[in-house]
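**Student:** Dropping the structure in here first, questions after.
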Amino acid sequence: METKNYSIETLCVTSTEEFVDGEPRVFPIVQSTTYNYKDTEYIADLFDLKKLGHMYSRISNPTVGAFENKMAALEGGVGAVGTSSGQGALQMAILTICDAGAHIVASSTLYGGNITLLGSSLAKLGITTTFVSPEASADEIKSYFQENTKALFAETVGNPKMNVLDLEKFGKIAKEQGVPFIVDNTLATPYLCRPIEYGANIITHSATKYIDGQATCVGGVVVDAGNFDWTNGKFPGLVEPDATYHGLSYTESFGNLAYIIKARTHILRDFGQTMSAFNAFIYNRGLETLHLRMERHGQNALEVAKYLQNHNKVAWVEYSHLEASDSYKLAQKYLPKGGNGVVLFGLKGGHEAGIKLGKVLNLINVAVHIGDSRTAILHPASSSHRQLSAEDQIKAGVSPEAVRINVGIENVADIIKDLENGLKEL
Ligand SMILES: *Cc1c(COP(=O)(O)O)cnc(C)c1O
């Protein structure tokens, strides 16, 4: 279906799928590993990639396909591949273009799982990463590029620091260096920001967070902008013949779909980080309200942030849309519709107060999750980051007094009342 001219809200609600008369209004769960054919030539052509179609649900599935098409439309890309998790998405995004011996430059303000995947697990496979402060000058960031550097990676909004990235600065550096700019857009979602408009080439997501929105399933997605020239000499894996497909060249056969087709037919085929049809069905439901939820998350979070800022038991508040935030200017530029639902704050009562607040709240539960419609808090120093030494906690941006609140979409007056009652107990 032609969706190019629709606004983002309409894209969220509208199906991207073609239908014939009498088909279901809601795209069904196609719970089938395999597909039927009458024609043996047809299936031979599928295996040779002469035709694209479903043959086995590790590689593609119609329900997952509907999710992928919707995500590509929302991000403004040419194609997408759903994955089993956000971790699976970054792994796929990297392995599609990196072999042992490759190098990546990445922002240092990343989700913990992204840091361990790049800094430890991929390093063991021979793909190394240099982490650089996103605030470093363009010249400093460029100085970390090597002959074998194959990608620049960063998060639109860094988790857990919640800093907003200067996407244009990063996009320009990647372009000059002849490598793709890969952006994890989990915490912004395409409703708040579309990094492709600022120079990104590949987008990854943990769909587990706002795309799901109700904390029901773990998943991810890779979106290809279709705007990178893979024939610049640095990416022979996309250009030279692939022996596992009778010597086919991805760029020759598929043009600007080369990357996303290799991600599916090579990486997903062999590594199997596949999204289930059931999870894709849940995500398709979630995407239809993404715009409404993100708008309310942002409104509620800003009100909660302002309330906390004026509370005498609160030492500091970090939210990108507060004027006092270091990210304020970048947030105005890249997130003009508002922020996400995550607010960080420090309690004057320190570590003890952080533990106690979780116990005395009523509406707000303690949960290790963000992007959920229900408000939750977490004291990272005594939970998600408790295995780290006090020194390493600080390095990870987790101070003893820090509390993270995932502001949900309830009535904000009820959220603030619960915080008011809880803070009184400290
Ligand atoms: C949660 C998260 C991930 C990892 O996603 P999973 O679905 O948990 O594997 C990656 N990036 C960011 C920014 C995240 O918040």
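**Student:** If you plug each phi of the range 139-147 into the Karplus form 6.51 cos²θ - 1.76 cosθ + 1.60 with θ = phi - 60°, what whole-Hz ³J(HN,Hα) values come out, in order, with x for Gly and Pro?
**Tutor:** 5, 5, 4, 4, 5, 8, 6, 10, 3
**Student:** Something else now. How much area per residue is accessible in the chain when the probe is 1.4 Å and only protein heavy atoms are counted (Å²)?
**Tutor:** Working: 18910 Å² over 426 residues.
That works out to 44 Å² for each residue.
**Student:** Per-residue ellipticity at 222 nm for the chain, helices alone: DSSP H runs ≥ 4 residues times -39500 (n - 2.57), over residue total, nearest 500 deg cm²/dmol? Before the final figure, lay out each step's value.
**Tutor:** Values: 17 runs with 146 residues, N = 426.
Result for the chain, helices only: -9500 deg cm²/dmol.
**Student:** Within the range 105-212, report the GluC sites (Glu not before Pro) that DSSP leaves as loop and that have at most 15 other Cβ atoms within 10 Å. Spell out each step's value before the answer.
**Tutor:** Values: sites: E135, E140, E147, E155, E168, E176, E197; in loops: E135, E147.
The qualifying sites are E135, E147.
**Student:** Right, something else. Among 379-390, 95-106, what's the highest-first ranking by average C-beta atoms within 10 angstrom per residue?
**Tutor:** Working: 379-390: 15.5, 95-106: 20.0.
Result, highest mean first: 95-106, 379-390.
**Student:** Once the piece of chain linking T289 and E23 is laid out straight, how much longer is it, given 0.36 nm per residue of separation minus the C-alpha distance between them? The partial results should precede the final answer.
**Tutor:** On the way: separation 266, 0.36 × 266 = 95.76 nm, distance 2.24 nm.
Taking T289 through E23 to full extension adds about 93.5 nm, to one decimal.
**Student:** Cut-off 14 Å, label point 7 angstrom out along Cα-to-Cβ of A315: give me the residues of the range 398-426 whose amide nitrogen falls inside.
**Tutor:** 398-404, by backbone N distance to the label point.
**Student:** I would also like to ask the following. Ranked highest first by average number of other Cβ atoms within 10 Å, how do 41-48, 113-120 line up? Intermediate results must be reported in sequence, preceding the final value.
**Tutor:** On the way: 41-48: 13.1, 113-120: 17.2.
The densest-packed peptide leads the list: 113-120, 41-48.
**Student:** Sticking with the crude label model, points 7 Å out along Cα→Cβ, report the distance from T216 to Y6 in nm, one decimal please.
**Tutor:** 2.0 nm
**Student:** For the chain, set up a GNM with springs between Cα atoms under 10 Å and report which of D139, D166, D270 has the largest fluctuation.
**Tutor:** D139
**Student:** How large is ³J(HN,Hα), in whole Hz, for each residue of the range 259-266 in order, when computed from phi with the Karplus curve 6.51 cos²θ - 1.76 cosθ + 1.60 and θ = phi - 60°, using x for Gly and Pro?
**Tutor:** Karplus values, whole Hz, x for Gly and Pro: 5, 6, 6, 5, 4, 7, 7, 10.
**Student:** Distance cut-off 30 Å, Cα to Cα: go down the list K209/K234; K50/K142; K124/K356; K306/K395; K161/K417 and report the pairs above it.
**Tutor:** Details: K209/K234 34 Å; K50/K142 40 Å; K124/K356 40 Å; K306/K395 27 Å; K161/K417 26 Å.
Checking Cα-Cα distances, K209/K234; K50/K142; K124/K356 exceed 30 Å.
**Student:** Let me ask something else. How many nm is it between the label spots at I394 and D414, if each spot is 7 Å from the Cα in line with the beta carbon?
**Tutor:** About 4.1 nm, to one decimal.
**Student:** Stretched out fully, how many nm does the piece from N148 to V366 gain, at 0.36 nm a residue minus the Cα gap?
**Tutor:** Working: separation 218, 0.36 × 218 = 78.48 nm, distance 4.41 nm.
Length gained between N148 and V366: 74.1 nm.
**Student:** Then there's this: I'd like to know which of Y198, V221, T231 lies farthest towards the positive end of the charge dipole of the range 147-249, counting +1 on Cβ of Lys and Arg and -1 on Cβ of Asp and Glu.
**Tutor:** Y198
**Student:** Now for a separate question. In whole Hz and in residue order, list the ³J(HN,Hα) couplings for the range 230-243 that follow from phi through the Karplus curve 6.51 cos²θ - 1.76 cosθ + 1.60, θ = phi - 60°; x for Gly and Pro.
**Tutor:** My calculation for the range 230-243 gives 6, 8, 7, x, 8, 10, x, x, 9, 10, 6, x, 9, 4 Hz in order.
**Student:** Ranking request for peptides 20-26, 336-342: highest mean number of other beta-carbon atoms within 10 Å first, then the rest in descending order. Present the calculation step by step, with values, prior to reporting the outcome.
**Tutor:** Details: 20-26: 7.3, 336-342: 21.6.
Result, highest mean first: 336-342, 20-26.
**Student:** Given a Förster distance of 41 angstrom, what is the FRET efficiency for A243 paired with V13, based on the Cβ-Cβ distance and rounded to 0.05?
**Tutor:** On the way: r = 44 Å, r/R0 = 1.08.
For A243 and V13, the calculated efficiency is 0.40.
**Student:** What is the dipole size for the chain, taken about its Cα centre, with +1 at each Lys and Arg Cβ and -1 at each Asp and Glu Cβ, in debye to the nearest 20? Write out the running numbers ahead of the final one.
**Tutor:** Details: 37 positive and 46 negative charges, 174 e Å.
It comes to approximately 840 debye.
**Student:** Note the full-extension length gain between D45 and R386 as 0.36 nm times their separation in residues minus their Cα-Cα distance, in nm to one decimal. Walk me through the numbers before you get to the answer.
**Tutor:** Values: separation 341, 0.36 × 341 = 122.76 nm, distance 5.33 nm.
Value of the extension gain: 117.4 nm.
**Student:** Still on this structure, I have one more. Tell me whether the range 72-193 comes out rounded, prolate or oblate; compute the Cα gyration tensor, take square roots of the eigenvalues as a ≥ b ≥ c, and use a/c under 1.5 as the rounded threshold. Let's see the in-between values first.
**Tutor:** On the way: a/c = 1.35, a/b = 1.11, b/c = 1.22.
Note, shape of the range 72-193 comes out rounded.
**Student:** How large is the charge dipole for the range 1-121, taken about the Cα centre, if only the Cβ atoms of Lys, Arg (+1) and Asp, Glu (-1) carry charge, to the nearest 20 debye?
**Tutor:** Values: 7 positive and 13 negative charges, 64 e Å.
So the dipole magnitude of the range 1-121 works out to roughly 300 debye.
**Student:** Amide H to amide H under 5 Å from A188: which residues, 5+ apart in sequence or cross-chain, H placed 1.01 Å off N in plane?
**Tutor:** Amide H to amide H, under 5 Å and 5 or more residues apart or across chains, A188 pairs with V157.
**Student:** Could you pull out every one of the aspartates and glutamates with an alpha carbon less than 14 Å from that of K169, ignoring same-chain neighbours closer than 8 positions?
**Tutor:** E135, D139, E140, E155, E197
The values are calculated or read from the model by the stated rules, or taken from the named source; none is laboratory data. Source: prediction; values computed, not measured. No Cβ is skipped: glycine too gets one built from the backbone with ideal geometry, and neighbour counts run over all protein chains shown. Surface accessibility is based on the protein's heavy atoms, side chains included, excluding ligands, DNA and RNA. Shrake-Rupley method; radii C 1.70, N 1.55, O 1.52, S 1.80 Å.
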